[in-house]
Amino acid sequence: IIISREQGVTLKNDCTKELNAKTKELDDVSSICKAFGPKGIKSIMLAKNISSIEKLCADTMKLLTNGVYNIRISLEDDFDIYIESNTIQRKIQHLSSSEKLRVSIAIQHAINSFLEMKLLIIDNVDILDKENFASFNLCIDKLKDQYDSIIVTFTSMEFDIQNPDITTYNLSKGKQLF
């Protein structure tokens, strides 16, 4: 095939325009992939709001532990929650059942506050020892005005929430006891 110089210039210009259009399209697709990827919009929104969630978690955890424990949320590499006491930092999977319960209460309260949910459900509080149960009662008393309902379940007859505004269920052998 033989083409004139003018046809060659036109063909080159057309190819350059098409290449530029495809390059822009590829850039647009790459931007969309980046926006919806792991470090995209979701990560940016989480990073923007995590400090207020983390502070609320930490404040609630301090109430539940007489100021001994703190919660730190990390978005580095992956999403991790760390519990700090003194100079020791641990992940949730390394905590006792009692510590996990208190962390779950703190996280649930923070999420509820963020989403403006007015229901707090806490199960199995009888795993707390008497000192931690007293801290739990004080914490619930401080949180109660932020909720329409707080439901607390336990199976031991030894525990009692000392607050008439809190609904408690003592579940023993599948029966509700009052």
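Points to keep in mind about this one:
- Filter result for residue 43 (modelled with pLDDT under 95, under 26 Å from residue 77 (Cα atoms), touching a Gly at 6+ places or on another chain (Cβ under 9 Å) and part of a helix (DSSP H, G or I)): yes
- Test: residue in the stretch 57-80 that is within 17 Å of residue 113 (Cα to Cα) and exposed (fewer than 15 other Cβ atoms within 10 Å of the Cβ): no
- All positions within the stretch 103-118 that are under 13 Å from residue 82 (Cα atoms) and in contact with a Leu (Cβ under 9 Å, 6 or more places away or on another chain): 103, 106
- Residue tally, condition of a type outside the set (Gly, Ala, Ser) and either in contact (Cβ under 8 Å) with a residue 60 or more places away in the chain or surrounded by 12 or more Cβ atoms within 10 Å (Cβ to Cβ) (or both), over the stretch 33-56: 9
- Given (1) within 23 Å of the chain's Cα centre (by Cα); (2) open to solvent by 30 Å² or more (accessible area, probe 1.4 Å); (3) closer than 16 Å to residue 60 by Cβ; (4) modelled with pLDDT under 90, number of the condition residue 152 does not satisfy: (2)
- Residues of the stretch 17-31 that are of a type in the set (A, V, I, L, M, F, W, C) and either under 24 Å from residue 76 (Cβ atoms) or open to solvent by 100 Å² or more (accessible area, probe 1.4 Å) (or both): 19, 26.
- In the stretch 81-128, the qualifying residues are those that are of a type in the set (D, E, K, R) and either touching a residue at least 40 places away in the same chain (Cβ under 8 Å) or in contact with a helix residue (DSSP H, G or I) (Cβ under 7 Å, 6 or more places away or on another chain) (or both), and the one that is surrounded by the most Cβ atoms within 10 Å (Cβ to Cβ) is 102.
The values are calculated or read from the model by the stated rules, or taken from the named source; none is laboratory data. As the structure is a computational prediction, the values presented were derived from the model and not from experiment. Please note: Cβ atoms are built from the backbone with ideal geometry, for glycine as well, and neighbour counts cover all protein chains shown. Each accessible area value is taken on the protein alone, full model and side chains, heavy atoms only, with ligands, DNA and RNA left out. Shrake-Rupley method; radii C 1.70, N 1.55, O 1.52, S 1.80 Å.
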